[in-house]
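Computed from the coordinates by the stated procedures, all read-outs in this text should not be read as laboratory data. Computed from a prediction, not measured in an experiment: that's the story for all the values here. As a convention, Cβ positions derive from the backbone with ideal geometry for all residues, glycine included, and neighbour counts pool all protein chains shown.
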């Protein structure tokens with residue numbers, strides 16, 4: 001996948017390691033409820049070009065400070081796991097939860 005690696009548990013992909021032109025980066029799964037947290041932390045969205053169009057995946061770069069500390073990474077990894085679990089649910093179940 002994009003010349004990188006997927007990090008999965010129990011069939012859930014919660015992270016990727018890929019080089020999109022700035023070196024290998026850890027990309028964490030984000031969902032509608034957590035995107036703003038990643039953006040507020042200055043994380044970049046996984047963006048690539050395909051067939052002349054910019055495409056996005058629901059992954060964001062891990063915060064730099066979290067890369068040096070398991071304690072700092074734990075909450076971000078938990079968010080990524082929660083997003084992967086939520087993405088596994090059928091869309092009807094996800095939309096019912098929002099009501």
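The table below lists the values:
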quantity	calculated
Residues that are part of a loop (DSSP other than H, G, I, E, B) and farther than 19 Å from residue 67 by Cα, drawn from the range 1-20	1, 2, 3, 10, 11
Any hit, the range 39-48, residues being crowded, with 19+ Cβ neighbours inside 10 Å, in contact (Cβ under 8 Å) with a residue 24 or more places away in the chain, in a loop (DSSP other than H, G, I, E, B) and within 10 Å of the chain's Cα centre (by Cα)	no
Tally, over the range 25-38, of residues that are exposed (fewer than 13 other Cβ atoms within 10 Å of the Cβ) and in a strand (DSSP E or B)	0
Residues of the range 72-90 that turn out to be surrounded by 14 or more Cβ atoms within 10 Å (Cβ to Cβ), within 20 Å of residue 12 (Cα to Cα) and over 11 Å from the mean Cα position of the chain (by Cα), as a count	4
Subset of the range 49-71 that is in a loop (DSSP other than H, G, I, E, B) and in contact with a helix residue (DSSP H, G or I) (Cβ under 7 Å, 6 or more places away or on another chain) - its residue that is farthest from residue 15 (Cα to Cα)	63
Test: residue 58 is crowded, with 17+ Cβ neighbours inside 10 Å and within 15 Å of residue 25 (Cα to Cα)	yes
